[in-house]
Amino acid sequence: MALFDLPLDELREYRSSSVEPEDFDAFWSKTLQEAREHDLDARFDLVDAGLATVKVYDVTFAGFGGHPVKGWLTLPARVDAPLPLVVEFVGYGGGRGLAHEHLLWASTGRAHFVMDTRGQGSVWGGGGGTPDPVGGAPAHPGFMTRGLDAPENYYYRRVFTDAVRAIEAARSHPLTDAGRTVATGVSQGGGITIAVGALVPDLVAIAPDVPFLCDYPRAATLTDRHPYREIGLYLRTHRGRTEDALRTLSYFDGVHFAARGRAPALFSAALEDQTCPPSTVFAAFNAWAHQDKQIEVYDFNDHEGGGPYQEAAQVRWLRSYA
């Protein structure tokens, strides 16, 4: 697919039409307050993953509703002082996978925590192990319309809350340096990264790669590729509910989290990306509130974006922060 979205010079000026709810901050303050009424109960169990250069911990912590959420914490094998911490969130349909799938960041001498995504982990990679015990209203298969009837019920309310708690859990380990914490992720993981970049006040940097979950009004009408297409297919059946759906989604739009961005940020976008169209990525990047921000642009790539080139860019960039 050749370029299908706005030209690059227009992307750099693009602003989303997504309307921010008046009670956006109150909604998230209440959500996190309710989550913290449950003991974090972070447990770190050392496992034998057959890896000589790293130590791996099987982690369980209490996320949204006190529900148990899984993760991996990976540390260099020889460590005797707290390390900078990279917390990673994974792409749509994936889970935390197997421990040996996540070796990059520990190989740079940092602590690395990867969060399982509740209810996911059955499409690619080594799978996941965190159920989503919350039921919901009728939804299109997938996750984009689960609980779309109200912000309080929406699936990503649970996921974003899990993500904040994941950072708290990772920081609770004695060999991680809470004061040097970075969040990163690709696609859905990038969208989650943007959310925690607003909800966690003291991250030193974030690095969302081709982020998903941004600029819903444009994304839902610009691309017919899944997962955004789930929204249109839901509304095809539930006629006349577009306004209500967009209202719910506005509480989870990366554009509104970006307006509260509190840390230096390295984004990426791919100009042939039909899964997360570049205008939706630039909508979040252009709204990102922190002055220190950069975006890597991959002219002839689809949703794979920069792949290993972006990972290399992140490794270089993070040397200045953690």
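Structure values in brief
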read-out	value
Student exercise, the chain dipole from Lys, Arg, Asp, Glu Cβ charges, in Debye to nearest 20	360 debye
Ratio of the Cα radius of gyration of segment 1-86 to 2.2 N^0.38 Å, where N counts its residues	1.77
About the Cα centre, charge dipole magnitude for segment 1-126 (Lys/Arg +1, Asp/Glu -1 at Cβ), debye	540 debye
Probe 1.4 Å, accessible area per residue of segment 141-218, Å²	20 Å²
With every protein chain in place, the chain: carbon and sulfur % of accessible area (1.4 Å)	50 percent
GluC sites (Glu not before Pro) within segment 1-54, DSSP loop, no more than 13 other Cβ atoms inside 10 Å	E13, E22, E37
Net dipole in debye of segment 113-180 [+1 Lys, Arg Cβ; -1 Asp, Glu Cβ; about Cα centre; nearest 20]	80 debye
Surface accessible to a 1.4 Å probe, per residue, for the residues of segment 263-322, Å²	38 Å²
Whole-number D in µm²/s for segment 1-146 (Stokes-Einstein; Kirkwood sum over Cα pairs; 37 °C, 0.692 mPa s)	180 µm²/s
Inter-part distance where segment 65-122 and segment 253-267 are each reduced to a Cα centre, Å	22 Å
The chain, helix-only ellipticity at 222 nm - DSSP H runs n ≥ 4, -39,500 (n - 2.57), divided by all residues, nearest 500	-9000 deg cm²/dmol
Coil-residue trypsin sites (Lys or Arg not before Pro) of segment 270-322, DSSP, other Cβ within 10 Å capped at 10	R319
Top positive-direction residue, dipole computed over segment 22-125 with Cβ charges, set A52, L83, A111	A52
Candidate values (1) 0.94; (2) 1.62; (3) 1.26, label of the one derived for Cα Rg over 2.2 N^0.38 Å	(1)
Segment 197-322 - Rg (one decimal) and Dmax (whole number), Cα, Å	15.4, 50
Solution diffusion estimate, µm²/s, Stokes-Einstein, segment 104-169, Kirkwood Rh from C-alpha pairs, 20 °C, viscosity 1.002 mPa s	158 µm²/s
Percent RCO, i.e. relative contact order, over segment 123-210, from Cα pairs under 8 Å lying at least 6 residues apart	19 percent
Length added when fully stretched, N153-D299, from 0.36 nm per residue minus Cα-Cα	48.8 nm
Per DSSP, loop trypsin sites (Lys or Arg not before Pro) in segment 212-243 with at most 11 further Cβ within 10 Å	R239
Residue among S17, S279, S187 with the largest mean-square fluctuation in a Gaussian network model of the chain, springs linking Cα atoms under 10 Å	S17
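The values are calculated or read from the model by the stated rules, or taken from the named source; none is laboratory data. Just so you know, these numbers come straight off a predicted model, no measurement behind them. Note: ideal-geometry Cβ built from the backbone for every residue, glycine included; neighbour counts use all protein chains shown. What goes into the accessible areas is simple: the full protein's heavy atoms, side chains included, and nothing from ligands, DNA or RNA. Shrake-Rupley method; radii C 1.70, N 1.55, O 1.52, S 1.80 Å.
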